[in-house]
Amino acid sequence: MTHDMPEVCVVAAGQVMAWAPDKAIPVLGKLVVEWLRKDPRKGYVAVRTEAKARLYDHFGIKDFDQNKLIEPLKAFGINLPRQPEGGSF
């Protein structure tokens, strides 16, 4: 989960989520926050989307509202910015 390529980290964290979510959630949360403004041509949008999808699933968020991840991630030391109404997946 510490690989230089975020694509590898998101897959590894997704696998670890099944048996050690306390280790995977901070990795996925950081990927969501750190890759918010990266160049989408380099695949980082897919990394962010995949990380959020795994977090939504874990926390039981069915409507893909990123703002509902703010409090759960805060418990892991991740400060996710609030998304305006109608924000992206």
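Taking Rh as the Kirkwood radius, which is the inverse of the mean 1/r over Cα pairs, what is the Rg/Rh value for the stretch 6-74?
Working: Rg = 11.2 Å, Rh = 11.9 Å.
Reported Rg/Rh, Kirkwood definition of Rh: 0.94.
Over the stretch 6-74, what is the mean sequence separation of C-alpha contacts under 8 Å (at least six apart), divided by residue count, expressed as relative contact order in percent? Walk me through the numbers on the way to the answer.
Numbers: 62 pairs, mean separation 19.6, N = 69.
This gives 28 percent for the stretch 6-74.
Once R0 is set to 30 Å, what does the formula 1/(1 + (r/R0)^6) return for the Cβ-Cβ distance between residue 83 and residue 19, expressed as a FRET efficiency to the nearest 0.05? Don't skip to the end; give the middle numbers.
On the way: r = 30 Å, r/R0 = 1.00.
After rounding to 0.05, the efficiency reads 0.50.
Taken together, the values in this text are just the output of simple stated rules run on the coordinates, not laboratory data. Here the structure is a predicted model, which is why all the values come from computation and not from measurement. No Cβ is skipped: glycine too gets one built from the backbone with ideal geometry, and neighbour counts run over all protein chains shown.
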